Amino acid sequence: MEGGGLQASLNFEISRRPFLSFGFRNFLADLAWLEAVQVSGSRKMAPGDYDRLYLLIRTVNNYDPRFVVPYLLGGLMVGDSPSHVPQALEILRRGRENHPRDWRLPFYVGYLRYFVIGDPVAGGEALGEAARLPGSPAYLPFLAARMLSEGRRPETAMAFLSAMARHETDPVRREILERRMKEVIVERDIQVLERAVEAYREKTGTWPVTLSDLVTAGVRARIPVEPNGGKYLLSSGGKVRSNKAVQRLKVFRHG
């Protein structure tokens, strides 16, 4: 185990038994928190980094369960890795136990269940819980209802992300949301283009060779700009893909 990981593990074990801190509890909590901020600031995190961040967040929680920011950072950052969603939900569960009236915690649960797990119903229910807490934004009941009724539409996803971004001041968490918004834009554009490809086939009796054929035939006024700096490409069978996006968001998969 690397030195940083060993130190994090040792601090975590001490945090589970605070009497072992010998009066250095606040110092050890600050040490874990500063390291967590440093790890979460990395633009490319490996699986081991998510493990380490989870351990650091849990350490801070053990030392100071009333410090709400680590729950929010951990829930969003750890949950950015699909394989670490259970750990992220565990962080948010602990946060809700210690801050039962903070609407942001179930709101973040809704984000994970919607975008990462791909369950609009569970996501909408979590937003409904957030909407019942004091201080929650007035639009939450509407957003929860919309997610429950039309959860797999990109327009719903963009409304959700825009709402989150309006309340997010932390640059690390905002970057995650902005990246997710680009993924939703790609999904929206692909759906629009695939419908246009089908309209082209119905109009001409053949598949287009390239997406520019859609403009030439008057089916589309223009081809959307890929938000990651890439291009939309036409594949066999009328399927459209981005040459920058690795995969489509789970929330938009049906069945």
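The values are calculated or read from the model by the stated rules, or taken from the named source; none is laboratory data. These numbers come from a predicted model, not from an experiment. Note that each Cβ is placed from the backbone with ideal geometry, even for glycine, and that neighbours are counted across all protein chains shown.
Number of residues in region 124-156 that are assigned to a loop (DSSP other than H, G, I, E, B) and of a type outside the set (Lys, Arg) equals 8. For region 104-123, which residues satisfy the criterion of being assigned to a helix (DSSP H, G or I) and of a type in the set (D, E, K, R)? Arg104, Arg113 - these are the residues of region 104-123 that are assigned to a helix (DSSP H, G or I) and of a type in the set (D, E, K, R).
Regarding Leu133, is this residue assigned by TED's automatic domain parsing to the domain that holds Arg104 and under 19 Å from the mean Cα position of the chain (by Cα)? For Leu133, the condition - assigned by TED's automatic domain parsing to the domain that holds Arg104 and under 19 Å from the mean Cα position of the chain (by Cα) - is not met. Out of region 233-255, which residues are over 15 Å from Pro82 (Cβ atoms) and touching a strand residue (DSSP E or B) at 6+ places or on another chain (Cβ under 9 Å)? Correct list: Leu233, Leu234, Ser235, Val240, Arg241, Ser242, Asn243. For region 194-206, the criterion of being more than 15 Å from the chain's Cα centre (by Cα) and not in a helix (DSSP H, G or I) is satisfied by at least one residue. All told, Tyr232 meets the bar of being of a type in the set (Phe, Trp, Tyr) and under 30 Å from Leu76 (Cα atoms). Residues that are under 29 Å from Ala130 (Cα atoms) and modelled with pLDDT of 95 or more number at least 1 in the following helices (runs of 4 or more DSSP H) confined to region 1-103: 47-63, 69-78, 85-98. Restricting the first member to region 129-151 and to residues that are surrounded by 15 or more Cβ atoms within 10 Å (Cβ to Cβ), and the second to residues that are of a type in the set (Phe, Trp, Tyr), the beta-carbon pairs closer than 6 Å and six or more apart or on different chains are Ala130/Trp103; Ala130/Phe107; Leu133/Trp103; Ser136/Trp103. Pairs are defined by a Cβ separation below 6 Å, a sequence spacing of at least 6 or placement on different chains, a first member in region 213-232 that is among the charged types (D, E, K, R), and a second member that is surrounded by 18 or more Cβ atoms within 10 Å (Cβ to Cβ); the pairs so defined are Arg220/Ala196; Arg220/Leu214; Glu226/Tyr232; Glu226/Ser242.
I'd like the full set of residues that are closer than 23 Å to Val246 by Cα and of a type in the set (A, V, I, L, M, F, W, C), limited to region 160-188. Within region 160-188, Phe160, Leu161, Val172, Ile176, Leu177, Met181, Val184, Ile185, Val186 meet the criteria. The residues of region 222-255 that are touching a Leu at 6+ places or on another chain (Cβ under 7 Å) and either basic (Lys, Arg) or loosely packed, with under 14 Cβ neighbours inside 10 Å (or both), listed by number, are Arg241, Asn243.
Within region 145-159, at least one residue is under 13 Å from the mean Cα position of the chain (by Cα), within 22 Å of Glu125 (Cβ to Cβ) and in the same structural domain as Gly110 (by TED's automatic domain parsing).
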